[in-house]
Amino acid sequence: MGAGMTGGLAYILDESDNFLEKMSGDVRVQKIETHAATEELISLITQHANLTDSETAKNVLENMEEYLSKFWQVIPPSEDNTNFTHRDIELEQVSASNSAYMDQLNLAAKDIVLNAQSKFRGAVVVMSA
């Protein structure tokens, strides 16, 4: 997965904890690190839930605190070094402790669920065993 990927980001829900075994070396992968990426992920899942009435998407949104750590972000070179991919860029603006930062992410996630946007740059994939 990831070979030849250009532009945009992919968010992978890895419930089986085996995603890295399937990755190509052409892209960088990381856990969700930034507020911007969290917002985008929740927006994508919200739109999917609204369009498809997906029970899985609804469950992920209702339990985002539990699921966020199960997502990987796939980053092609064209998307690297942005506020979506590097916490250092974003943390320059956030001087709070890690727990306060997570509180901020959780509040933002709830706001996005309530106010889903209609324009998205990424994709969400749910992996099964």
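Coordinate-derived values only; no laboratory data. Being a predicted model, the structure only gives us computed values, none of them experimental. Ideal geometry is used to build each Cβ from the backbone, glycine not excepted, and the neighbour counts take in all protein chains shown.
Where Rh is the Kirkwood radius over the Cα pairs of the range 1-78, the temperature 25 °C and the viscosity 0.890 mPa s, what D in µm²/s does Stokes-Einstein return?
The diffusion coefficient I find is 186 µm²/s.
Considering only the other residues whose Cβ falls under 12 Å of the Cβ of F19, what net charge follows from Lys and Arg at +1 and Asp and Glu at -1?
Counting the neighbours of F19, the net charge comes to -1.
If packing is taken as the average count of other Cβ atoms within 10 Å, what order do 41-50, 9-18, 62-71 fall into, highest mean first?
Order by mean packing, descending: 41-50, 9-18, 62-71.
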